[in-house]
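Structure first, then comments.
The values are calculated or read from the model by the stated rules, or taken from the named source; none is laboratory data. Note that the coordinates shown come from a computational prediction; the quantities given were computed from them, not determined experimentally. FYI the Cβ positions are ideal-geometry reconstructions off the backbone, even for glycines, and counts take in every protein chain you see. All accessible areas refer to the heavy atoms of the entire protein, side chains included, with ligands and DNA or RNA removed. Shrake-Rupley method; radii C 1.70, N 1.55, O 1.52, S 1.80 Å.
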Amino acid sequence: MREIINNDIKIEQAEFINRLMIDAELSNNDVKIGLCLLYELLSLIKNNNDSKND
């Protein structure tokens, strides 16, 4: 079940990135997906920086 949810999230993220690439109008849901993606990326960068500093 968790794998299905993760796949659905990845599909939504891919669709969001596709809409960004074609400069389409974004919905409120698209903005939320974008913010979640940004948070994930920033968290990964922070974790990488933290592990390099240890």
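Suppose every K and R has +1 on its Cβ and every D and E has -1 on its Cβ; what is the size of the dipole of the chain about the Cα centre, in Debye to the nearest 20? Please report the intermediate quantities before stating the final value.
On the way: 6 positive and 10 negative charges, 32 e Å.
In total the dipole reaches around 160 debye.
Expressed as an acute angle from 0 to 90° and rounded to the nearest 10, what is the orientation of the C-alpha long axis of helix 28-53 relative to the principal long axis of the chain?
20 degrees
Using only Cα atoms, figure out Rg for the chain and give it as a multiple of 2.2 N^0.38 Å.
On the way: Rg = 14.0 Å, N = 54, 2.2 N^0.38 = 10.0 Å.
Normalised Cα radius of gyration, the chain: 1.39.
State the answer as a single residue: which of SER51, ILE9, ASN29 lies farthest towards the positive end of the charge dipole of the chain, with beta carbon charges of +1 for Lys and Arg and -1 for Asp and Glu, about the Cα centre.
The listed residue farthest towards the positive side: SER51.
How long is the gain from GLU25 to LEU37 if the chain were fully straight, where each residue apart is worth 0.36 nm and the alpha carbon distance is subtracted? Could the numbers behind the result be given before it?
Values: separation 12, 0.36 × 12 = 4.32 nm, distance 1.79 nm.
Residue separation times 0.36 nm, minus the Cα-Cα distance, leaves 2.5 nm.
Roughly speaking, to the nearest percent, how much of the chain's 1.4 Å accessible area is carbon and sulfur?
On the way: 2820 of 4890 Å².
Percent of accessible area from carbon and sulfur atoms in the chain: 58.
What's the angle, to the nearest 10 degrees (0 to 90), between helix 2-21's Cα axis and the longest principal axis of the chain?
Value to nearest ten degrees: 70.
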